[in-house]
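S.K.: Quick one: this structure, given as structure tokens, is what I'll be asking you about.
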Amino acid sequence: MEAKAVYRFIGSSPRKMRLVIDLIRGMSVDKALEVLHFQPKHASNDALKVLRSAVSNLINKDDSTRVEPGDMYVKEVFVNQGPTMKRISPAPMGRAYRIRKRSCHLTVVVATKN
């Protein structure tokens, strides 16, 4: 059994988010929560939130079966690029430089170990 959670329009670039999620791909949920909790990067807070949501979705998916967080693992986790906001910064001699504020979409899929 598996469940997923998606967090869209995160105000972080996909490149920075991939540094964090590459650490937890394929791990057990308990270990992944621990790794994200003690990770100093700002993107780990968003990843932790989505992972907890995916675990909760799996627990609430079927009331007849009892699923423990120790029996779950991170089956799939990936980041897609979201929309980019374009902003203008003043530059010397009347020019303007473009600032690209990137965003991303994070998807986490957790499954039970069989």
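S.K.: Under a plain spin-label model, where a point goes 7 Å from the Cα along Cα-to-Cβ, how far apart in nm are D30 and S64?
M.R.: 2.8
S.K.: Full extension from M1 to I99: what is 0.36 nm times the residue separation minus their Cα-Cα distance, to one decimal in nm?
M.R.: On the way: separation 98, 0.36 × 98 = 35.28 nm, distance 4.32 nm.
That pair, M1 and I99, stretches by 31.0 nm at full extension.
S.K.: For the chain, what is the calculated [θ] at 222 nm in deg cm²/dmol (nearest 500), taking -39500 (n - 2.57) for each run of four or more DSSP H residues and dividing by its residue count?
M.R.: On the way: 3 runs with 36 residues, N = 114.
Using -39500 (n - 2.57) per qualifying helix, the result is -10000 deg cm²/dmol.
S.K.: With θ set to phi - 60° and the Karplus curve 6.51 cos²θ - 1.76 cosθ + 1.60, what are the ³J(HN,Hα) couplings of the stretch 43-50 in order, to the nearest whole Hz, using x for Gly and Pro?
M.R.: Values per residue, Gly and Pro as x: 5, 5, 5, 5, 5, 5, 4, 5 Hz.
S.K.: Cβ neighbours within 10 Å, averaged per peptide: list 60-73, 98-111 in order, most packed at the top. Please report the intermediate quantities before stating the final value.
M.R.: Values: 60-73: 12.3, 98-111: 17.6.
Highest to lowest by the protection proxy: 98-111, 60-73.
All of the numbers you see were taken from the coordinates with simple rules; none came from a lab. Nothing here was measured: the structure is a model prediction, and the numbers come from that model. Note: ideal-geometry Cβ built from the backbone for every residue, glycine included; neighbour counts use all protein chains shown.
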